[in-house]
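This is the structure I want to talk about, given as structure tokens.
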Amino acid sequence: MIIFKDLPKLYAFIIIYIVVELSFMLFFSLMGFKGFSAIPFVRVGIIMFSGIYFLNKFVGIKIPVKVRTNASIQDSIILFWISTAVLSLFVGAFRNNPTMYFITDFVYVFFGVTLYYVISRDNFNLSRITYRPMSILTNALSVLAIICIVFSFDAPAVLLIMMSIMIYVNIIAKKQYKVLLLLLPFIIIMASSNRTQLIIFIFMLFILLLKRLNNRFSKRSVFIWAATILTIGYVFKENILESLFLVIDRKSNIGYRIDQLVLIFKNGIDYSDPFFTSIAQRVLEANAVIDYWTTDLFTFLFGTGSGGVIDGSKIFSDSSVLGSALLGGEKVHNIHLLPFAFLFRYGFFGLLLMIMLTILAYKAIVRVLDEDDNLGRIFWNLFFVFWFFFSIPAGAFLWTMPIFWIALSMINHYEKNHFAYDR
């Protein structure tokens, strides 16, 4: 396609991916699958599309069976994750977990790991990337956002994440008109989005502020500034959240979510009040996971294994969670909070995996702060960081996102090649 003429294949994949996800969402909506009930089917469709897109690169792919002495943290995480996933197969089989969840849990991780090695196998030249691909990506994201606004489509989460990233990239590249091109539709969509996207956007602005400070002060001073800003933010959190209502309608979807947080900070959670259902659901899930995780030593070490489920019919209060469970409320598979999702599935090994990913997220932030020119390096590190934090309140989004695994591989590529540039 002419529009992708000057766009590296991985960036073209992002645009096509968003179009395909949006198409799947519309298709399953027309088929009668509303809200969360459509997500599992959309994810399967996305995995199939991604497999077809990179089909020619899957031939002859080999996954290493041991860690090299010079392995990067990305390589170590990937090998640890797939090893843990294989172990979880035996645990899941031992527990006789539901077949559908048993298979899909492993397939998502196996596909992601394979994609990681597929991308890492590519030959990249060391030429400096121009702004041209970023400009094309900016324009495409703006068009997709406007389409979502005009036709009242639910914007895919990855679209807003990408827009936040490209706002940062264009600010760094000093392309103010491109920032406005993204910012206007972003704000319109954000008004009907969820609080996590707003948090990611604010987090992006926070990183941008640290970037400016990093260019003027020592790293120690930047750390002190960051700690000070976070402390002030925590102390005045209620006032800060209340001030958002100056520009956000309290009755909008995101206003509703912000209002929840304000009341929680003031009075705590009233589990009997339907107003707090979504947040209460996550707390109930976390408590259920901890109770199950500490049942015995075997579960503490290995979790429930691939395909593990919880009987939510008696302890969960969110009807959307119970209603969207494919096998019914007695077999709820999805654990929202990412750390507890890892604990539930992999046990202590899941806790280690969460720690490793958190360390990598910290390192990625440092790389972004230290980078001034390499837009590709900034882009992929930011995507990893933003998608990781976006997935914390909705864990399954992490490993079911092909671009997440691509980002890991691209980060690995840059670090191994001493800041090598895009194709």
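Any read-out appearing in this document is the output of simple, stated calculations on the displayed coordinates, not a laboratory observation. Computed from a predicted structure; not experimentally measured. Positions of Cβ are generated from backbone atoms using ideal geometry, with glycine treated the same way; all protein chains shown enter the neighbour counts.
Could you name the lysines in cross-link range of Lys266, using Cα to Cα under 23 Å and dropping any fewer than eight places away on the same chain?
List returned: Lys237, Lys251.
Now for a separate question. Let's see if you can work this out: charge +1 on each Lys and Arg Cβ, -1 on each Asp and Glu Cβ, no other charges. What is the dipole magnitude of the chain about its Cα centre, in debye to the nearest 20?
Numbers: 35 positive and 24 negative charges, 263 e Å.
Dipole magnitude for the chain comes out near 1260 debye.
I would also like to ask the following. Return the distance in nm (one decimal) between the two label points of a simple spin-label model at Tyr53 and Leu327, each offset 7 Å from Cα along Cα→Cβ.
Calculated label separation equals 3.0 nm.
Just name one of Leu181, Gly233, Phe90: the one whose Cα is farthest towards the positive end of the charge dipole of the chain (beta-carbon charges, Lys/Arg +1, Asp/Glu -1).
Leu181
Assuming R0 = 45 Å, what is the FRET efficiency of Val143 and Leu297, from their Cβ-Cβ distance, to the nearest 0.05?
Values: r = 55 Å, r/R0 = 1.22.
Rounded to the nearest 0.05, the efficiency is 0.25.
Turning to a different aspect of this structure: From the residues Phe245, Ser193, Ile171, which one has its Cα farthest along the dipole of the chain in the positive direction, the dipole being from +1 and -1 charges on Cβ of Lys/Arg and Asp/Glu about the Cα centre?
Ile171
Another question about this same structure. Would you list Tyr101, Tyr234 from fewest to most Cβ contacts within 10 Å? Write out the running numbers ahead of the final one.
Details: Tyr101 20, Tyr234 9.
Ordered from fewest to most neighbouring Cβ atoms within 10 Å, Tyr101, Tyr234 come out as Tyr234, Tyr101.
Right, another one. Residues with beta-carbon under 13 Å from that of Leu338, excluding Leu338: net charge, scoring Lys, Arg +1 and Asp, Glu -1? Each step should come with its number before you reach the end.
Values: positive: Arg282, Arg345; negative: Glu285.
In short, +1.
Report, in order of residue number, the helices in the chain meeting two criteria: a C-alpha extent of 18 Å or more along the helix axis, and a mean Kyte-Doolittle hydropathy of at least 1.0; treat each whole DSSP H run as one helix. Before the final figure, lay out the partial values.
Details: long enough: 9-30 (31 Å, 2.04); 39-53 (21 Å, 1.66); 73-94 (31 Å, 1.75); 99-120 (32 Å, 1.40); 132-150 (27 Å, 1.78); 157-172 (23 Å, 2.53); 176-190 (20 Å, 2.07); 195-214 (28 Å, 1.52); 219-235 (24 Å, 1.11); 253-267 (21 Å, 0.27); 277-293 (23 Å, 0.26); 348-370 (34 Å, 1.89); 375-391 (24 Å, 1.46); 402-416 (21 Å, 0.34).
Those that pass (Cα extent of 18 Å or more, hydropathy at least 1.0) are 9-30, 39-53, 73-94, 99-120, 132-150, 157-172, 176-190, 195-214, 219-235, 348-370, 375-391.
So how much slack lies between Ser83 and Phe203, counting 0.36 nm per residue of separation and subtracting their Cα-Cα distance, in nm? Before the final figure, lay out the partial values.
Details: separation 120, 0.36 × 120 = 43.20 nm, distance 3.26 nm.
Computed gain between Ser83 and Phe203 is 39.9 nm.
Which FRET efficiency value, to the nearest 0.05, is calculated for Leu30 and Val235 with the Förster distance at 41 angstrom and r the Cβ-Cβ distance? Before the final figure, lay out each step's value.
Numbers: r = 49 Å, r/R0 = 1.18.
Calculated value: 0.25.
For the chain, what is the relative contact order in percent, using Cα pairs closer than 8 Å and at least 6 residues apart in sequence? Each step should come with its number before you reach the end.
Details: 493 pairs, mean separation 103.8, N = 423.
Taking the mean separation of contacting Cα pairs over the length of the chain, I get 25 percent.
Could I ask something else about it? How much length is gained on full extension from Lys174 to Ile16, taking 0.36 nm per residue of separation minus their Cα-Cα distance?
On the way: separation 158, 0.36 × 158 = 56.88 nm, distance 2.67 nm.
Net length gain for the segment: 54.2 nm.
Also, I was wondering about something else. Within the range 102-122, find all residues whose amide N lies under 19 Å from a label point positioned 7 Å from the Cα of Phe41 along Cα-to-beta-carbon.
Under cut-off, by backbone N: 104.
Here's something else I'd like to know. Given labels modelled 7 Å from the Cα in the Cβ direction, how far is it in nm from Val150 to Phe110?
It is 4.3 nm.
What Kirkwood hydrodynamic radius do you get for the chain when you take the inverse of the mean 1/r over all pairs of distinct Cα atoms, in Å?
Details: mean 1/r = 0.0440 Å⁻¹.
Kirkwood radius, the chain: 22.7 Å.
Could you work out [θ]222 nm for the chain from helices alone, using -39500 (n - 2.57) per DSSP H run of at least four and dividing by all its residues? Round to the nearest 500 deg cm²/dmol.
On the way: 20 runs with 291 residues, N = 423.
Mean residue ellipticity at 222 nm (helix-derived): -22500 deg cm²/dmol.
Taking neighbour Cβ counts within 10 Å as the exposure measure, how do Tyr177, Tyr17, Tyr53 sort from fewest upward? Before the final figure, lay out the partial values.
Numbers: Tyr177 7, Tyr17 22, Tyr53 16.
Fewest to most other Cβ atoms nearby, the residues stand as Tyr177, Tyr53, Tyr17.
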